[in-house]
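The values are calculated or read from the model by the stated rules, or taken from the named source; none is laboratory data. Just so it is clear, the model here is predicted, and its values are computed rather than measured. A quick note on method: Cβ atoms are made from the backbone with ideal geometry, for glycine too, and the neighbour counts reach across all protein chains shown. Heavy atoms of the whole protein, side chains included, go into the accessibility calculation; ligands, DNA and RNA do not. Shrake-Rupley method; radii C 1.70, N 1.55, O 1.52, S 1.80 Å.
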Amino acid sequence: MTATEKWLLDSIMDHGIITKETWVTPPLRRKWTANEMSSAMWSLTRRKIVVARPLHHGKTYFALSASTVHKLGLPENKGKELAESAKLRVYAQLLFFTAYDKTAKRLRRDELAVRIAEPTHGLPQGFYARARKKNFLGFTRVDTHLSTLPMRSAQTLRHDVFRFVSLPSVRERIKNKTFEFTWITATHTRADAVMRIFRGYDRIGKAPIRVIVMNELVPLVCSVQFADSLPFNPVET
């Protein structure tokens with residue numbers, strides 16, 4: 001396997017999926033041209049190590065194939081196609097870590113357990129650290145309720161804050177301003193509506209929330225709304 005192919009596979013292992021934009025605008029350490037990256041991805045898909053699946057409107061995402069997942073001993077659902085709502089969440093986090101905040105480093109569960117000195121069972125995925133900031137901890141929440149009233153998203157965010165402030169290490173970080181909530185949504189209108197409700201909550205509404213609006217998510221909103229109207233959806237992962 002070439003170094004280019006390994007970089008692509010490592011990226012998929014880190015983020016669950018990648019898109020062409022991931023390697024067109026990569027971290028500064030990347031050594032290869034866009035054409036070299038595309039050739040490497042073509043080789044991975046031809047050998048069925050990676051599969052290409054539809055993201056939205058002709059855009060493609062790349063993920064591990066079912067056979068690769070099996071060979072690596074990963075959970076079986078890692079090789080299944082993402083449901084529309086899962087696409088929204090996974091794609092938003094991919095954009096966050098590769099384009100919107102390149103200083104953020106996604107934390108695995110074992111890494112998170114060390115940082116908070118507590119079991120991570122039941123905690124959602126989406127925690128991250130920052131290089132050169134030893135005690136810093138952050139959490140991303142993607143607004144997957146885009147087809148519902150803003151109240152539902154505000155309540156989800158409120159639940160996150162309540163859950164995290166119950167952890168002593170997180171509560172201490174909030175006090176020391178070394179913990180960051182990052183909430184991601186698709187439009188400024190949605191962001192304003194949700195945050196207006198959230199800020200109205202007693203005490204919790206004062207929590208520091210960084211809001212990121214990703215217009216790239218807008219095409220996926222229509223896909224999620226359409227999928228929600230169907231009698232069944234693909235398996236969530």
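Residues considered: 86, 52, 63. Of these, the only one that is closer than 22 Å to residue 143 by Cβ and either free of Cβ contacts under 8 Å to residues at least 12 places away in the same chain or within 20 Å of the chain's Cα centre (by Cα) (or both) is 86.
For segment 52-65, which positions are open to solvent by 40 Å² or more (accessible area, probe 1.4 Å) and closer than 21 Å to residue 1 by Cβ? Full working, then the answer.
First, the residues of segment 52-65 that are open to solvent by 40 Å² or more (accessible area, probe 1.4 Å): 52-54, 57-60.
Result: 52, single match.
The residues on offer are 99, 113, and the sole one that is open to solvent by less than 70 Å² (accessible area, probe 1.4 Å) and touching a residue at least 40 places away in the same chain (Cβ under 8 Å) is 99.
In segment 172-189, how many residues are touching a residue at least 40 places away in the same chain (Cβ under 8 Å) and within 19 Å of the chain's Cα centre (by Cα)?
8
Residue check: residue 105 meets all listed conditions (1) open to solvent by 80 Å² or more (accessible area, probe 1.4 Å); (2) under 30 Å from residue 166 (Cα atoms); (3) among the charged types (D, E, K, R); (4) in a helix (DSSP H, G or I) but one, namely (4).
Restricting segment 190-208 to residues that are under 21 Å from the mean Cα position of the chain (by Cα) and over 20 Å from residue 135 (Cβ atoms) leaves a set whose member that is surrounded by the most Cβ atoms within 10 Å (Cβ to Cβ) is 194. Close contacts from segment 194-219, counting a first residue that is more than 13 Å from residue 95 (Cβ to Cβ) and a second that is open to solvent by 20 Å² or more (accessible area, probe 1.4 Å) and among the aromatic types (Phe, Trp, Tyr), with Cβ to Cβ under 7 Å and a gap of 6+ residues or different chains, come to 204/162. For segment 165-186, the set of residues classified as open to solvent by less than 30 Å² (accessible area, probe 1.4 Å) and either assigned to a loop (DSSP other than H, G, I, E, B) or on the phi > 0 side of the Ramachandran plot (or both) consists of 167, 186, listed by residue number. Sub-6 Å Cβ pairs linking a first residue in segment 147-171 that is more than 29 Å from residue 218 (Cα to Cα) and of a type in the set (A, V, I, L, M) to a second residue that is open to solvent by 20 Å² or more (accessible area, probe 1.4 Å) and in a helix (DSSP H, G or I), at least 6 apart or interchain, are 165/171, ordered by first then second residue. Only a single criterion out of (1) over 12 Å from the mean Cα position of the chain (by Cα); (2) of a type in the set (Phe, Trp, Tyr); (3) open to solvent by less than 70 Å² (accessible area, probe 1.4 Å) is not satisfied by residue 162, namely (3). The number of residues in segment 134-152 that are surrounded by 15 or more Cβ atoms within 10 Å (Cβ to Cβ) and within 20 Å of residue 102 (Cβ to Cβ) comes to 7.
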